[in-house]
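Asker: Let me give you the structure first, and then I'll get to my questions.
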Amino acid sequence: MHTFVAIPFSDHGRTCCPATLRFGTRRARRILEDRTHFGKDAVRWAKKPRDQRGPGAFIIERRVAMESLVKRQIIIDDTTLRDGEQTAGVVFSLAEKKRIASMLDEIGVQELECGIPAMGREEQASVRALVDLGLNARLITWNRAVVSDIQASIDAGVRAVDISLSVSDIHIERKLRKSRHWVREQLKTALGFAKEQGLYVSVGGEDSSRADPDFLVELMEVARAMGGDRFRFCDTLGILDPFATFDKVKYLRDRVALDLEVHTHNDLGMATANAIAGVKAGARFVNTTVNGLGERAGNAALEEVVMGLKHACGIDPGIDTRRFVDVSRFVGQASRRPVPDWKAVVGEKVFSHESGLHADGVLKDPRNYEGFDPAEVGLARHLVLGKHSGSHGLIHRLRLLGIQLDRLEANDLMDRVRSISQRNKRPLTDGELLTLCRSRREVA
């Protein structure tokens with residue numbers, strides 16, 4: 001249950017801008033009692049019956065939660081080398097794995113899920129080679145909640161493991177053909193062994209999004225009591241929306257004192273939004289893959305999650321974003337999944353402007369039509385001349401090519417630019433623009 005607490009937030013009698021804040025019942029009570037935030041008048045007012053509160057009231061939603069979120073360190077656990085390589089048809093060579101791991105480490109990614117040692121000797125050797133790189137990032141491997149899997153990870157040299165269990169009833173009954181009791185006991189056995197070996201352990205709840213939330217609470221309590229370090233909430237099928245993700249993660253966060261991690265998939269196109277919703281709900285760890293690689297429709301994209309946290313949430317995860325394009329291109333090449341020009345954040349043409357109105361606005365101040373500087377992710381701005389262009393963009397482009405035009409000349413030339421673009425179904429190249437200018441001058 002959630003309580004919506006209406007409070008007339010004021011500063012010495014002056015009404016502030018509206019905002020909204022939804023809290024659980026206990027937290028709402030604490031906020032009402034916290035006079036350092038809201039003052040005695042606000043507390044007295046909020047305790048009044050709704051019909052006696054008077055005008056000027058508004059709902060404050062999630063203000064305190066957001067304050068604590070900005071202060072909390074968010075850990076990126078990138079799984080390009082595990083879940084990314086599980087993309088159908090994708091295989092990374094050892095050299096490619098080492099390069100990807102090194103690049104991610106260099107830009108400040110704090111944790112890398114780097115493989116599944118239980119797959120066999122070749123995978124163990126690959127993980128061992130990554131361990132031998134001596135990276136700053138913590139290396140963690142994926143394992144079934146089986147002692148032999150965990151032992152394979154130990155043999156590969158890692159000191160952190162994710163132990164995964166199916167937690168939804170449909171998986172337990174129709175995949176494992178077991179019971180909830182069996183899952184609990186399996187967790188105790190696997191986690192007990194891992195902690196005896198001194199490992200850092202993330203307990204992975206496969207198909208958490210379809211599981212009974214109270215069963216997840218049970219498993220988290222077991223994990224916490226036995227020394228587990230965090231619980232991974234997995235939207236394995238990518239079926240949640242951000243609102244449901246927030247509610248489900250918040251439910252767990254409010255009930256168990258154990259770090260949470262969110263692992264989201266993009267089957268409905270909401271992996272990034274769901275990952276950020278999970279962070280807002282209290283998860284401290286978030287899974288990503290470069291370019292959103294992953295099974296089926298993929299995972300939450302590293303570049304999107306980091307930039308979303310920075311620019312939509314005001315949270316800086318401490319990643320050097322200036323190399324995002326380099327990392328993206330390398331992974332695109334290694335995976336044989338080229339990065340589309342329109343790919344969010346890192347696509348080659350996401351900072352291309354053709355519309356006359358937009359080009360004019362960007363020339364006056366890029367902030368008019370750009371949410372962040374393209375250089376922040378390693379890209380550059382492009383003004384494209386085509387069917388929708390205007391004279392300001394044309395004058396600017398030709399000036400860069402060493403040709404000066406006044407407004408009347410540009411307006412005259414613009415008609416021909418649009419005609420050629422319409423006929424060729426694409427913007428004009430610099431060579432075509434220069435040829436067009438020469439032919440115009442010869443005619444004149």
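Asker: Using the structure shown, decide if L252 is within 27 Å of A297 (Cα to Cα) and surrounded by fewer than 21 Cβ atoms within 10 Å (Cβ to Cβ). Quick ask: steps written out before the conclusion?
Answerer: Values: within 27 Å of A297 (Cα to Cα): yes; surrounded by fewer than 21 Cβ atoms within 10 Å (Cβ to Cβ): no.
No.
Asker: When you go through G318, G294 one by one, which is the residue that is in contact (Cβ under 8 Å) with a residue 60 or more places away in the chain, closer than 19 Å to D83 by Cβ, in a loop (DSSP other than H, G, I, E, B) and not assigned by TED's automatic domain parsing to the domain that holds D373?
Answerer: Details: G318 fails: closer than 19 Å to D83 by Cβ.
The match here is G294.
Asker: While we're here: Return a yes/no flag: does the stretch 160-168 have any residue that is over 29 Å from D212 (Cα atoms), surrounded by 21 or more Cβ atoms within 10 Å (Cβ to Cβ) and modelled with pLDDT of 95 or more. Steps first, answer last, please.
Answerer: Here is the first cut: in the stretch 160-168, the residues over 29 Å from D212 (Cα atoms) are none.
No: the stretch 160-168 contains no residue that is over 29 Å from D212 (Cα atoms), surrounded by 21 or more Cβ atoms within 10 Å (Cβ to Cβ) and modelled with pLDDT of 95 or more.
Asker: Then there's this: Which pairs do you get when a residue that is within 15 Å of S126 (Cα to Cα) and β-branched (V, I, T), found in the stretch 143-159, comes within reach of a residue that is surrounded by 23 or more Cβ atoms within 10 Å (Cβ to Cβ) and at pLDDT 95 or above, reach meaning Cβ atoms under 6 angstrom, with the pair 6+ apart or on two chains?
Answerer: V158/L139; V158/T141
Asker: Still on this structure, please answer the following. For the subset of the stretch 81-107 comprising residues that are basic (K, R) and buried (at least 19 other Cβ atoms within 10 Å of the Cβ), which member is farthest from R128 (Cα to Cα)? Steps first, answer last, please.
Answerer: We begin by selecting, within the stretch 81-107, every residue basic (K, R); these are 82, 97-99.
Narrowing the set further to residues that are buried (at least 19 other Cβ atoms within 10 Å of the Cβ) leaves 82, 97.
On the way: R82: 14, K97: 12 Å.
Checking each candidate, the answer is R82.
Asker: What are the residue pairs meeting all of these: first residue in the stretch 351-378, first residue free of Cβ contacts under 8 Å to residues at least 40 places away in the same chain, second residue among the polar types (S, T, N, Q) and part of a loop (DSSP other than H, G, I, E, B), Cβ atoms under 7 Å, and 6 or more apart or on different chains?
Answerer: Listed pairs, sorted by first residue: G356/S389; A359/S389.
The values are calculated or read from the model by the stated rules, or taken from the named source; none is laboratory data. All figures in this text were calculated on a predicted structure; none of them were measured in a lab. Here the Cβ is made from the backbone with ideal geometry for all residues, glycine too, and neighbour counts use every protein chain on show.
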